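The structure appears below as structure tokens.
Throughout, read-outs are computed from the coordinates displayed, never taken from laboratory work. Bear in mind that the values here come from a model prediction, so they are computed numbers and not experimental data. Virtual Cβ from ideal backbone geometry, glycine too; neighbours counted across all protein chains shown.
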Amino acid sequence: MQVTVANKFDEPNTEYFYEIRRVGYSDRKSVKSEEIFKRGGEEEIALNLPKETRLHTNYPNPFNPVTEIKYDIHEDAYVTPIAYDVLGREIKTLVEEFVSAGFKSVQFDASSLPSGMYFYRLTAGKYSDMKKMILAK
């Protein structure tokens, strides 16, 4: 998401503060006027959001017994990362909710599972990807 703000102030020694907020969400970014405005022009403020939805390889891998699964969501979406065994049976739904765009992560605790290969799939809107992970006890 990008916000474009045009300079409409002519007072050179005045400091203005602005709060940029996405409607319906609580994430906020406050910036000083000198970070926004170039005198007589305009400047874009780029908020730190991913450019594409992506599922990352879990870390650590192999793991024992907890691993972290990171994923990037480029637009607000309903997400469901799910862990599976090698036979394709669902082991655990790690998250099942509507999330705002951003960099996300979830921990998978496999302390009750035997050693072996497992898979995890992320579904977010139209995006879907699967990766493998190894539990080594």
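One table, with the values for the structure above:
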| item | result |
| --- | --- |
| Residue exposure sequence - Thr67, Thr53, Thr80 - by fewest surrounding Cβ within 10 Å | Thr80, Thr53, Thr67 |
| Integer Hz, Karplus 6.51/-1.76/1.60 couplings in order for the stretch 88-97, x for Gly and Pro | x, 7, 5, 9, 7, 8, 7, 8, 8, 7 |
| Taking Leu49, Leu122 and counting other C-beta atoms within 10 Å, the order from fewest to most | Leu49, Leu122 |
| Net charge contributed by nearby residues that have their C-beta within less than 13 Å of Phe119 (K/R +1, D/E -1) | +2 |
| Cα-based Lys pair tally, the stretch 54-135, threshold under 17 Å, eight or more apart or on separate chains | 7 |
| For Lys92, distant residues with modelled amide H under 5 Å away | Ala83 |
